[in-house]
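Chemist: Sharing a structure below in structure tokens format, with a few things to ask.
The values are calculated or read from the model by the stated rules, or taken from the named source; none is laboratory data. All of these numbers come straight from a predicted model, not from anything done at the bench. A quick note on method: Cβ atoms are made from the backbone with ideal geometry, for glycine too, and the neighbour counts reach across all protein chains shown.
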Amino acid sequence: MYENIEMRQVLADEITKMMESDERIVVIDSDLARANGTLSIRDKFPERAFDVGIAEQNMAAVAAGMASYGFIPFIGSFTAFASRRICDQIAISIAYAKRNVKIIGSDPGISAELNGGTHMSMEDIGVLRSIPTMTIFEPVDAMQLSKALPQIVAHDGPVYIRLFRKAAPVIFNEDYKFDLFKADIIKEGRDVTIFASGLMVKEALDAAEMLKADNILAEVINIHTIKPIDRETIISSARKTGAVVTCENHNVMGGLKAAVAEVLIEEYPVPLRAIGVQDHFGEVATMDYLKKKYHMTPEDIVKAAKGAISSK
């Protein structure tokens, strides 16, 4: 059971285990190995762990080149620099060229905290979701991350991992069965569905408990893979509850809300409310402060859920 373990430590431990049995796996950093937790990998695999310096575009291009020779590179930086800064290299050198590169974007959304607006990427999912062949995955806790990484390596194609670096609240136990392309129904309900990703899953579960006090049973579903999204689970739950709330640590434009809305408008339109950053840049502040500022608290989710239900 993973408790009080930073996600970046789990990332490094699991990559190290996989590198022991798979010589194709390499790690490429852009001067952030210490921050992203992968520095220890250099000690064990100095010939397969590289640092290109503060040159993220070059990092992506080097990874694409290595992938063309059969390697499976993991590249990483802060989310802003692992998405929008290297978007062209991801689109052309990696995705268009069909290169098997795994991209780690750390400190997503408001979790960048004191690094402020320049490092606080609210649009990374939107930037990368429109690129063909891209898979976008956001783990909710350490257990899910540990179970996901082998499947991510086994998947032939580019994968973007949206990684919260610090210790995350425990959602799943050791019995958890992970499927990269299947959403998790964490809590069943009848009145409203709350689709959540990343650090917003705990907020959604807290909101569901608050709604229960008003005799509202919310279904809580973790959408860990935002592209390709699990259409079947979304449609099935929307048919059951007839109202939807999306919760994401991202701009409500282009991310989870957009992906869920695209499915519903094509298959089964129902009232939808969105919790997330409402088209703002980030700023220097703590996560608790920013959750309140951007209306991403359990209380905000409760209000949104009741609004969706009233619009049925």
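Chemist: Only residues that are surrounded by fewer than 16 Cβ atoms within 10 Å (Cβ to Cβ), within 20 Å of the chain's Cα centre (by Cα) and either not aromatic (F, W, Y) or not in a loop (DSSP other than H, G, I, E, B) (or both): list them for segment 279-288, please.
Modeler: The answer is D279, H280, T286, D288.
Chemist: Could you identify the single residue in K291, K240, K306 that is assigned to a helix (DSSP H, G or I) and crowded, with 19+ Cβ neighbours inside 10 Å?
Modeler: Checking each option against the conditions leaves just K291.
Chemist: Mind listing whichever residues of segment 204-247 are touching a strand residue (DSSP E or B) at 6+ places or on another chain (Cβ under 8 Å), hydroxyl-bearing (S, T, Y) and farther than 18 Å from A274 by Cβ?
Modeler: T225, T233 - these are the residues of segment 204-247 that are touching a strand residue (DSSP E or B) at 6+ places or on another chain (Cβ under 8 Å), hydroxyl-bearing (S, T, Y) and farther than 18 Å from A274 by Cβ.
Chemist: Within segment 150-159, can one find any residue that is under 21 Å from V62 (Cβ atoms), among the charged types (D, E, K, R), buried (at least 18 other Cβ atoms within 10 Å of the Cβ) and touching a residue at least 12 places away in the same chain (Cβ under 8 Å)?
Modeler: no
Chemist: Also, quick follow-up: Which one of E209, E219, E174 is assigned to a strand (DSSP E or B) and either at positive phi or of a type in the set (D, E, K, R) (or both)?
Modeler: On inspection, the qualifying residue turns out to be E219.
Chemist: Of the numbered conditions (1) modelled with pLDDT under 95; (2) in a loop (DSSP other than H, G, I, E, B); (3) under 21 Å from V284 (Cβ atoms), L114 satisfies every one except a single condition; which is it?
Modeler: (2)
Chemist: On the basis of being surrounded by 24 or more Cβ atoms within 10 Å (Cβ to Cβ), modelled with pLDDT under 95, in contact with an Asp or Glu (Cβ under 9 Å, 6 or more places away or on another chain) and of a type in the set (S, T, Y), does S197 make the cut?
Modeler: Answer is no for this residue.
Chemist: Please specify each residue of segment 36-53 satisfying the condition of being at pLDDT 95 or above and under 14 Å from I104 (Cβ atoms).
Modeler: If the condition is that a residue be at pLDDT 95 or above and under 14 Å from I104 (Cβ atoms), then I41, A49 are the ones that fit.
Chemist: Return the residues of segment 37-54 that are among the β-branched types (V, I, T) and part of a loop (DSSP other than H, G, I, E, B); say none if nothing qualifies.
Modeler: Across segment 37-54, the qualifying residues are T38, V52, I54.
Chemist: Of V26, V10, which residue is in contact with a strand residue (DSSP E or B) (Cβ under 6 Å, 6 or more places away or on another chain), closer than 19 Å to V159 by Cβ and at pLDDT 95 or above?
Modeler: Criteria check complete, one pass: V26.
Chemist: Check segment 134-146 and report whether any residue there is more than 15 Å from the chain's Cα centre (by Cα) and either surrounded by fewer than 24 Cβ atoms within 10 Å (Cβ to Cβ) or not aliphatic (A, V, I, L, M) (or both).
Modeler: Checked segment 134-146: no residue is more than 15 Å from the chain's Cα centre (by Cα) and either surrounded by fewer than 24 Cβ atoms within 10 Å (Cβ to Cβ) or not aliphatic (A, V, I, L, M) (or both).
Chemist: Let me ask something else about it. Which residues, counting only those in segment 259-271, are surrounded by 21 or more Cβ atoms within 10 Å (Cβ to Cβ) and either under 23 Å from L211 (Cβ atoms) or basic (K, R) (or both)?
Modeler: Residue satisfying the conditions is V260 alone.
Chemist: Restricting attention to segment 3-36, which residues are in contact with an Asp or Glu (Cβ under 7 Å, 6 or more places away or on another chain) and in a loop (DSSP other than H, G, I, E, B)?
Modeler: S30, D31
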